[in-house]
Amino acid sequence: MAEPAGGGWKGRLRRHVPTRDTIDVANGIAYDSAGDRIFVTMPYGKFTYVVQYQRIVQPTQTSVIDDVGYERLVLSACNPLYSAAQRIIVFARLKAVQPRGPARSQSA
């Protein structure tokens, strides 16, 4: 079972759209700016991340998901749109955790 944020768990949210006929919301990350907030809601909690910065990398550059000593979200999308040439990466640091459901009683 995956461990929620706050316990050293590394997760990945991924969405791939294979055709130009479909809008790929993941590519909206290109508009994320430092200081923007990203909300991730899971059955066990709501997580608030604050965008730190973004970077363009080669698809083979896996170091973008290396441990940095704190909880962070790493978002990735094709760059340019619908191309496998590069990836745009957005890094966001965990700011707040709001437990939900069964996790709420475990955090008390």
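Label positions at LEU81 and PHE39, each projected 7 Å from the Cα along the C-beta direction, are separated by 2.6 nm. Fully extending the segment from ASP66 to LEU94 would add 8.5 nm, taking 0.36 nm per residue of separation and subtracting the current Cα-Cα distance.
Note that the range 25-106 shows a convex hull volume over its alpha carbon atoms of 104 Å³ per residue.
Charge tally around TYR49: other residues with Cβ under 13 Å, Lys/Arg +1 each, Asp/Glu -1 each, net +2. Among ILE89, ILE38, ILE56, the ranking by other beta carbons within 10 Å of each residue's beta carbon, starting with the fewest, stands as ILE56, ILE38, ILE89.
Since every read-out is calculated from the coordinates, none of them should be taken as a lab result. All figures in this text were calculated on a predicted structure; none of them were measured in a lab. Cβ coordinates were reconstructed from backbone atoms using ideal geometry, including for glycine residues, and neighbour counts include every protein chain displayed.
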